[in-house]
Ligand code: SAM
């Protein structure tokens with residue numbers, strides 16, 4: 001990036017005012033050969049030309065304008081500024097993730113968690129990923145951790161990539177995918193480990209997670225928490241709901257993943273649950 005920025009500025013300073021050149025994005029995210037560029041409103045009239053220059057200097061096929069992630073399926077809806085093909089394969093930690101960057105979220109800030117999950121999984125244990133996405137967290141568990149994985153993803157579009165990624169990473173023997181709402185998953189008392197990689201409303205899914213869990217299990221519970229309620233939350237609510245359902249909960253570990261909104265953090269707590 002140290003060499004890239006001056007080159008981009010040099011090219012565009014022939015076409016844009018000095019003031020606009022100062023507003024050019026200094027940071028961006030590259031996923032496979034697709035770039036996500038945060039672009040200020042002032043640059044709107046020049047967005048296609050700017051994207052073209054970034055694409056050529058950095059060497060990517062497509063440039064998207066960074067936008068919001070939202071809705072039940074946590075979908076992105078990024079505007080295409082340059083190129084047309086938004087599907088790519090991103091390689092990280094030895095895992096191949098195929099996805100449509102314009103539609104499916106892939107957060108660079110979650111990389112530590114994807115790497116950590118590769119290490120916590122144990123060979124032979126059964127992991128249920130209740131919010132699998134394209135296999136963000138559970139592919140590392142199947143590939144590196146040699147765990148058996150049941151991956152549940154509700155969005156039909158995201159599910160197609162999950163299925164492809166299981167094949168791309170050659171873990172068909174250990175990993176099975178379901179295109180259903182996790183509340184309709186029929187397995188009870190089966191999981192040694194559960195992934196709850198979701199935000200905002202994750203607590204609503206705790207009773208279902210407990211019914212999927214064995215009498216003793218580990219749950220990686222994600223949620224978004226207002227800073228003023230930390231560090232008691234989100235564990236306090238988790239334990240409360242667990243007790244209502246006949247489980248005791250013990251906090252093993254807690255990590256902040258990223259800032260979600262002003263004053264709100266995305267947190268993950270590793271919880272050991274056991275039947276009382
Ligand atoms: N767990 C990954 C991570 O942390 O990087 C990806 C998480 S992604 C934000 C959450 C996924 O859960 C989305 O793909 C969404 O479609 C899916 N999802 C939301 N509600 C669901 C439900 N009730 N059952 C199954 N999947 C669901």
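For the chain, take the longest principal axis of its alpha carbons; what is the angle in degrees between that and the long axis of helix 47-58, to the nearest 10 within 0 to 90?
Once rounded, one gets 80 degrees.
Under the rule of -39500 (n - 2.57) per DSSP H run of 4 or more residues, summed and divided by the residues of the chain, what mean residue ellipticity at 222 nm is obtained, to the nearest 500 deg cm²/dmol?
Working: 8 runs with 72 residues, N = 276.
Result for the chain: -7500 deg cm²/dmol, rounded to the nearest 500.
Based on the alpha carbon coordinates of segment 133-199, what radius of gyration and maximum Cα-Cα distance (Dmax) apply, in Å?
In Å, with Rg to one decimal and Dmax whole: 11.3, 30.
In percent, how large is the relative contact order of segment 119-276, given Cα pairs closer than 8 Å and 6 or more residues apart? Mind showing how you got there, number by number?
Values: 336 pairs, mean separation 30.3, N = 158.
This gives 19 percent for segment 119-276.
How high is the relative contact order of the chain, in percent, with contacts defined as C-alpha pairs under 8 Å that are six or more residues apart?
11 percent
Take the alpha-carbon centre of segment 47-123, take the same for segment 208-259, and report the distance between them in whole Å.
For segment 47-123 versus segment 208-259, the Cα centre distance is 29 Å.
Rounded, prolate or oblate: which one fits segment 99-249, using the alpha carbon gyration tensor with axes a ≥ b ≥ c (rounded when a/c is under 1.5, else prolate when a/b beats b/c, else oblate)? Before the final figure, lay out each step's value.
Details: a/c = 1.63, a/b = 1.32, b/c = 1.23.
Since a/c reaches 1.5 and a/b is larger than b/c, the shape of segment 99-249 is classed as prolate.
Report the Cα-based extents of the chain along its three principal axes, largest first, to the nearest Å.
Between the extreme Cα coordinates on each principal axis of the chain lie 71, 44, 29 Å.
Using only Cα atoms, figure out Rg for segment 32-87 and give it as a multiple of 2.2 N^0.38 Å. It would help to have the intermediate numbers written out before the result.
Numbers: Rg = 11.6 Å, N = 56, 2.2 N^0.38 = 10.2 Å.
Here the Cα radius of gyration is 1.14 times the empirical estimate.
Return one quarter of the surface area of the convex hull spanned by the alpha-carbon atoms of segment 1-130, equal to its mean projected area, in nm². Display every interim value, and only then the final one.
Values: hull surface 37.8 nm².
For the Cα atoms of segment 1-130, the hull's average projected area reads 9.4 nm².
Taking Cα pairs under 8 Å and at least six residues apart, what relative contact order does segment 67-202 come out at, in percent? Present the calculation step by step, with values, prior to reporting the outcome.
Details: 240 pairs, mean separation 30.4, N = 136.
Over segment 67-202, the number comes to 22 percent.
Sort all Cα-Cα distances of segment 157-246 into consecutive 5 angstrom bins from zero, then give the percent of pairs in each bin up to the one containing the longest distance.
Spelled out per bin, shortest first, that is 3, 11, 19, 22, 19, 12, 9, 5, 1.
Share of antiparallel DSSP beta bridges in the chain, in percent to the nearest 5?
Numbers: 38 of 58 bridges.
The antiparallel fraction comes to roughly 65 percent.
Just need log10 I(q)/I(0) for segment 194-276 at q = 0.14, 0.16, 0.18, 0.19 Å⁻¹, Debye formula, equal scatterers on the alpha-carbon atoms, no solvent, rounded to two decimals.
Treating every Cα as an identical point scatterer, log10 I(q)/I(0) equals -0.41, -0.53, -0.66, -0.73.
At 25 °C and a viscosity of 0.890 mPa s, what translational diffusion coefficient does Stokes-Einstein give for segment 62-119, taking Rh as the Kirkwood radius over Cα pairs? Give it in µm²/s as a whole number. Don't jump to the answer; show the numbers that get you there.
Working: Rh = 12.5 Å.
Roughly 196 µm²/s, to the nearest whole number.
Calculate how steeply helix 235-244 sits against the longest principal axis of the alpha-carbon atoms of the chain, using the helix alpha-carbon long axis, and give the answer as 0 to 90 degrees to the nearest 10.
For 235-244 against the chain, the angle is about 30 degrees.
For segment 61-165, what does the equivalent ellipsoid look like in terms of its semi-axes, each the square root of 5 times an eigenvalue of the Cα gyration tensor, given largest first in whole Å?
Working: eigenvalues 132, 40, 27 Å².
So the equivalent ellipsoid measures 26, 14, 12 Å along its semi-axes.
Every number here is computed from the coordinates shown, using simple stated rules; none is lab data. Worth saying up front: this structure is predicted, and the values here are computed from it rather than measured.
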